[in-house]
Amino acid sequence: VAVTAGDRSTLYDATLVGYNPDKDVAVLQINAADAKLSPISLGNSAAVRVGQTALAIGNPFGLDHSLTVGVVSGLGREVSSPTGRPITNVIQTDAAINPGNSGGALLDSQGRLIGMNTAILSPSGTSAGIGFAIPVDTLKQQVEAILKYGKVLRPAIGISYMQGVQARSVGVEKGVLVMTVPRESAASKAGLRGSYRVEDGQVILGDVIIAVNST
């Protein structure tokens, strides 16, 4: 992996520290002296408001160091990640974002990072005035986890379950019926038991979760 500096001529080797495709985020370590690099100022995406100025930087269609200007058009949007998982609380902007802008900075009027450009909504595949950026507060969490673990750890109970009409059909009126509990999962270590069928065909129901932490 090579990273081009702002002077457009200096190249640095870089190594992949880790990534999370569920959030379309990766962290690279650039092999350069600290004095050669200037970190961007970070904003606070929780303070972003609809109507404020937004500036998108990227390489649309290979045109490097391109800057487009618009406003924050919406907050709390949802888009799909490369893995199909939803990325929530995304910033919507009408600053032109095109193929090649993904991974570029979305800045406020003071040059502070408020998001990372990630996707557009367009029938043609080019900018239609609806672009999306992952908020910087989400990026901070993702980067911190990747730097610490090399990946983002996702908490999971580790069960399959039945609820609603299906659960009521087997006599469970309230809660979630545990169906399967994989070995070595968090649920297994906590002692949860899944449902199973015995030799005569009878189904033995597993545990029923009716509350978590008394709520």
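Determine if segment 58-78 includes at least one residue that is assigned to a loop (DSSP other than H, G, I, E, B) and either within 27 Å of ALA145 (Cβ to Cβ) or polar (S, T, N, Q) (or both).
yes
When you go through LEU55, LEU113, LEU67 one by one, which is the residue that is loosely packed, with under 14 Cβ neighbours inside 10 Å and farther than 14 Å from LYS23 by Cβ?
So the residue among LEU55, LEU113, LEU67 that is loosely packed, with under 14 Cβ neighbours inside 10 Å and farther than 14 Å from LYS23 by Cβ is LEU67.
Being touching a Lys or Arg at 6+ places or on another chain (Cβ under 7 Å) and not in a helix (DSSP H, G or I) is the requirement here; does GLN29 meet it?
no
May I ask you to list the residues in segment 148-186 that are part of a helix (DSSP H, G or I) and either among the basic types (Lys, Arg) or surrounded by 15 or more Cβ atoms within 10 Å (Cβ to Cβ) (or both)?
If the condition is that a residue be part of a helix (DSSP H, G or I) and either among the basic types (Lys, Arg) or surrounded by 15 or more Cβ atoms within 10 Å (Cβ to Cβ) (or both), then LYS148, ALA167, ARG168 are the ones that fit.
List every residue pair whose Cβ atoms sit under 9 Å apart, with the two residues 6 or more apart in sequence or on different chains, where the first one lies in segment 136-156 and is acidic (Asp, Glu) and the second, anywhere, is modelled with pLDDT under 95 and exposed (fewer than 12 other Cβ atoms within 10 Å of the Cβ).
ASP137/ALA46
Are any residues in segment 90-123 outside any loop (DSSP other than H, G, I, E, B), out of contact with any Asp or Glu (no Cβ under 8 Å at 6 or more places or on another chain) and of a type outside the set (A, V, I, L, M, F, W, C), and if so, which ones?
Correct list: GLN92, THR93, GLY115, ASN117.
The values are calculated or read from the model by the stated rules, or taken from the named source; none is laboratory data. The shown structure was predicted, so the numbers you read here are calculated from the model rather than taken from an experiment. Please note: Cβ atoms are built from the backbone with ideal geometry, for glycine as well, and neighbour counts cover all protein chains shown.
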